[in-house]
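Taking it in order: structure first as structure tokens, then the write-up.
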Amino acid sequence: IKESATLTRDVLEQHFNDLKGTLKKLLDERLVSLLQEVDTIEQESIKPLDECQKLIEHGVSTADDLLREGESAVHGDVGQENEKLCSFTKKALHIQLDSLPEVPSLVDVPCLSAQLDDCLLTILKNQIFTHGTVASRPPVQLEEFVEKPGGILVRWCKVDDDFVPQDYRLQYRKSTASHFEDVYVGSETEFIVLHIDPNVDYQFRVCARGDGRQEWSPWSVPQIGHTTLVPHEWTTGLEGYSLSSRRNIALRNDSQSCGVLYSKAPTYFCGQTLTFRQVLSALLLIETVGQPDRRDSLGVCVEQQNGYDSLQRDKAVCISTNGAVFVNGKEMTNQLPAVTSGSTVTFDMEAVQLGPSSTEGGNFKLRVTISSNNREVVFDWVLDQCCGSLYFGCSFSYPGWKVLVF
């Protein structure tokens, strides 16, 4: 409680300090804009009046000069008087002393004033007094962490019955990191976070957005999750496949070499869910290659066996890209939908007890569930020895297939 209260105080203080800074900046910008508007109106309005004043002052100055010249002509000698009177008369005839420039009407002359509406303070006051809330309990909380190879399945749930969620937002950070980062935004209530380092603590939190709302709810109580399972990786060195940097994605390249690509180690254990996600390269779909082949396979096996071009063999179960299921090299009557671009194939296995001992009589039975495109097949896989962990593998006859395993 104390930690969350301290964090909440810090968040509130930072938020309102930011608001004050932003509000001051906006008010300063508005003030500068209004002052510039006053300057512009003043300059544009005073210009014709200044020009009119200059013309009037020039006319008054000219009339004053002419008046002094006339007085001088009247008081001069007789000879000079006639000459000055003639000069004065000529100037007087050419100067229009009875006309003035057009002066703007008083109603046309601007008179500036500032119109300030006090209701802004009322609006701001109402908005400020209702801005922000303090929630004691977030509407969603983290519910469960399930270890996955190189990942964690995170589940969360709604704890506020009156809250109607539209979207959820999941964040995580490594224990040594200072900032959370988004890892999922959507309507589901669970998500597998991949690329998790084994035996390292990660902190998770989740929030939600109400139906028809834009803002997110408060964050859930942060919780620690980790996995002890090493990530699934494809083995390197097979000429027909190119691997991603994390070696969890395999791409069937255009090499003529063929064979089965196996996992680096037997990292699949009974009780886990093994998932293959298929993506068919759109670039290669344009060409005649990259088509499905009956020998294509995705599945698990007891051991690596080189020299095969498919997992459709003994001590292996697999699904072909056309949906056929093979157990120890034999095709089952049940068939799944064909594997296409974007398909997801999952394998679930559990050991089945045979009598007092699961290895009695040299037999070991695994109940296998293979799911693809919302359909599944369930069968028992009988082996001649106990097997605690399995390899996974794939094989494709044509280039263009891309497989993500987790």
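The values are calculated or read from the model by the stated rules, or taken from the named source; none is laboratory data. Computed from a predicted structure; not experimentally measured. Note that each Cβ is placed from the backbone with ideal geometry, even for glycine, and that neighbours are counted across all protein chains shown. Accessible surface is based on the protein model in full, side chains and every heavy atom, while ligands, DNA and RNA are left aside. Shrake-Rupley method; radii C 1.70, N 1.55, O 1.52, S 1.80 Å.
For Arg246, are the conditions met, namely being among the basic types (Lys, Arg), assigned to a loop (DSSP other than H, G, I, E, B) and modelled with pLDDT under 95?
Criteria met by Arg246.
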Quick check: anything in region 219-234 more than 29 Å from Leu390 (Cβ to Cβ), in a strand (DSSP E or B) and not polar (S, T, N, Q)?
yes
Please state which of the following conditions Val185 fails to meet, knowing it meets all the rest: (1) in contact with an Asp or Glu (Cβ under 8 Å, 6 or more places away or on another chain); (2) touching a residue at least 60 places away in the same chain (Cβ under 8 Å); (3) open to solvent by 70 Å² or more (accessible area, probe 1.4 Å).
(2)
Condition check: in a loop (DSSP other than H, G, I, E, B) and over 24 Å from Asp348 (Cβ atoms). Does Cys207 satisfy that?
no
Among the residues of region 258-274, is there at least one that is assigned by the TED database to the domain that holds Val317, surrounded by fewer than 18 Cβ atoms within 10 Å (Cβ to Cβ), closer than 16 Å to Pro292 by Cα and touching a strand residue (DSSP E or B) at 6+ places or on another chain (Cβ under 6 Å)?
no
Looking only at region 52-81, filter to residues that are over 30 Å from Ala114 (Cβ atoms) and among the polar types (S, T, N, Q); which one of those is modelled with the lowest pLDDT?
Gln80
For a quick check of your reading of the model, give me the residue pairs whose first member lies in region 203-218 and is at positive phi, whose second is assigned to a loop (DSSP other than H, G, I, E, B) and hydrophobic (A, V, I, L, M, F, W, C), with beta-carbon atoms closer than 9 Å and at least 6 apart or on different chains.
Gly212/Val164
Yes/no for Tyr184 being aromatic (Phe, Trp, Tyr), part of a strand (DSSP E or B) and closer than 17 Å to Glu215 by Cα:
yes
Failed condition for Arg375, given (1) at pLDDT 90 or above; (2) surrounded by 14 or more Cβ atoms within 10 Å (Cβ to Cβ); (3) of a type outside the set (Phe, Trp, Tyr), with all others met?
(2)
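Confirm whether Leu49 is closer than 30 Å to Ser113 by Cα and either open to solvent by less than 70 Å² (accessible area, probe 1.4 Å) or at pLDDT below 75 (or both).
Criteria met by Leu49.
Against the condition crowded, with 16+ Cβ neighbours inside 10 Å and among the hydroxyl-bearing types (Ser, Thr, Tyr), how does Thr227 come out, does it pass?
Judged against the criteria, Thr227 is a match.
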Residue pairs within 7 Å by beta carbon, gap of at least six or interchain, first lying in region 361-385 and farther than 19 Å from Val345 by Cβ, second open to solvent by 70 Å² or more (accessible area, probe 1.4 Å) and of a type in the set (Lys, Arg), listed first then second, are Asp380/Arg367
